[in-house]
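Student: Below is a structure I'd like to ask you about.
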Amino acid sequence: MELFRSVNIDWLGKKWYFLGFSLVFSVAGLLSIFFWHGVPLGVDFKGGTLVYVKFTQSPQEDAVRAKTDKAGLKDARIQRYGAAANNEVLIGLEQRAANEAALDAGKNAIIGALEPADAPKDKQDLNNAGFASLRDTLIARDPLTNGGNEPAYADLARKIVEFRDKTKGGVLGSIDDLKGTVPDTVIAGLKQAFFTSDFAVRNVEIVGPQVGAQLRDRALWAIGLSLAGMLVYLWFRFELIYGVAAVVAVFHDTLITVGAFSLLNKEISLTVVAAILTLTGYSMNDTIVVFDRIRENVRLYRRESLAEIVNRSINQTLSRTILTSGLTFLTVLSLYLFGGEVLHGFSFALVVGILIGTYSSIAVAAPMLVAYQDWRAQRSGRGPVPASAETKQQKVRVKA
């Protein structure tokens, strides 16, 4: 399928516009990285505590942030996750000690921050009470008047926790929700010792700073080694300048993508690194398609300059580029719009990366080939030569 026929766009004639576009976005990203937001690494890389909270009503992120700030939890990262109907929020804290005490500290810190100011001080929050606390309270109050029989109250506590967590999704609207699950006398006893808040801490996770640093180093190695491997492959498959141009274009794509995360202050997690590696391969593949057509046309149009051949090659592959990149872009855009919060960073990186990766194959990698030839011609003191002659001279030097 071919969208365009006889396209004759002078891409290289617009190289200064392309250069200006790339400089603006690259410099903006670098300024943000070095002087504004930095590289907003997620908990996966710098360590910290993740607290998963579920609310009875749709939570307001600004209100949650105001409560955490008031409680002294500065710079807590707050974001919605899961389906909107689930009313769930992920709160990231800077606490980094990887032990049981840190888990409890993170949970208690969030409970203390989100608990309403008018909460009764002499009662426990049933939505955030654990099995042991619930069992011990029932035994002490003995609402069944069975002498504080521990197995019986342990069974009741287990029923209450399972009903709350499995049937009600972790949050009870009121203690009366338990009617039909436990006897009325138990409900009356619970009302004397418990109240229900509008939220529940569902889970707490910790990533230690050492693990985070190790993940960060491995992510940088993965990106660096992938670029080096591509350079060697293109050097072997084409010529060194092709490999250098392709790697520069991919580095350009990565820089702008990371810069976009910094400018928007979006966290970079392991899934985002996976997306960056994906777009690195995607951009490289698109560049190789253009390079392969350039190599074929060098053999066919021996008397034309390399600039004319590069323009011709880009125009000939334009339909393929728009079809493949366009369809891929629509797919990742749908993932970004409808994939949910968990995939938001991953899909955002792909949306930006595919746009920039397709652009760089035309506007960064290809012009570098022509610029290199022009530089070599000026250095040797001769004018521009046909692309075929340039290629022959390079091959003679290799044989020599």
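Student: Give the stretch 255-296 a look and list any residue that's under 28 Å from S319 (Cβ atoms), crowded, with 21+ Cβ neighbours inside 10 Å and polar (S, T, N, Q), or say none.
Tutor: T257, T280, S283, T287 - these are the residues of the stretch 255-296 that are under 28 Å from S319 (Cβ atoms), crowded, with 21+ Cβ neighbours inside 10 Å and polar (S, T, N, Q).
Student: Further question on the same structure: For the stretch 126-135, state whether one or more residues are farther than 27 Å from R164 by Cβ, part of a helix (DSSP H, G or I) and either aromatic (F, W, Y) or touching a residue at least 24 places away in the same chain (Cβ under 8 Å) (or both).
Tutor: Looking for residues that are farther than 27 Å from R164 by Cβ, part of a helix (DSSP H, G or I) and either aromatic (F, W, Y) or touching a residue at least 24 places away in the same chain (Cβ under 8 Å) (or both), one finds none in the stretch 126-135, hence no.
Student: I294 - would you say it is among the hydrophobic types (A, V, I, L, M, F, W, C), over 21 Å from A222 (Cα atoms), at pLDDT 90 or above and over 28 Å from the mean Cα position of the chain (by Cα)?
Tutor: So I294 does not fit the description; no.
Student: Please verify whether the stretch 226-241 includes one or more residues that are buried (at least 20 other Cβ atoms within 10 Å of the Cβ) and either among the aromatic types (F, W, Y) or closer than 30 Å to A117 by Cα (or both).
Tutor: Scanning the stretch 226-241 turns up no residue that is buried (at least 20 other Cβ atoms within 10 Å of the Cβ) and either among the aromatic types (F, W, Y) or closer than 30 Å to A117 by Cα (or both).
Student: Applying the selection to the stretch 20-51, what residues are surrounded by 13 or more Cβ atoms within 10 Å (Cβ to Cβ) and free of Cβ contacts under 8 Å to residues at least 12 places away in the same chain? Steps first, please.
Tutor: The initial filter retains those residues of the stretch 20-51 that are surrounded by 13 or more Cβ atoms within 10 Å (Cβ to Cβ), namely 21-22, 25-26, 28-33, 37, 39-51.
Selection gives L31 alone.
Student: Can you go through V244, V250, V161, V186 and tell me which one is in a helix (DSSP H, G or I) and in contact with a Pro (Cβ under 7 Å, 6 or more places away or on another chain)?
Tutor: On the way: V244 fails: in contact with a Pro (Cβ under 7 Å, 6 or more places away or on another chain); V250 fails: in contact with a Pro (Cβ under 7 Å, 6 or more places away or on another chain); V161 fails: in contact with a Pro (Cβ under 7 Å, 6 or more places away or on another chain).
When all the criteria are applied, what remains is V186.
Student: Out of all the residues in the stretch 20-43, is one or more touching a strand residue (DSSP E or B) at 6+ places or on another chain (Cβ under 7 Å), assigned to a helix (DSSP H, G or I) and not β-branched (V, I, T)?
Tutor: no
Student: Something else now. Scan (1) closer than 17 Å to A246 by Cβ; (2) in contact with a Ser or Thr (Cβ under 7 Å, 6 or more places away or on another chain); (3) hydrophobic (A, V, I, L, M, F, W, C) for the single condition V332 breaks and write down its number.
Tutor: (1)
The values are calculated or read from the model by the stated rules, or taken from the named source; none is laboratory data. The model shown is predicted, which means the values in this text are computed figures rather than measured ones. Every residue, glycine among them, receives a Cβ derived from its backbone with ideal geometry; neighbour counts consider all protein chains shown.
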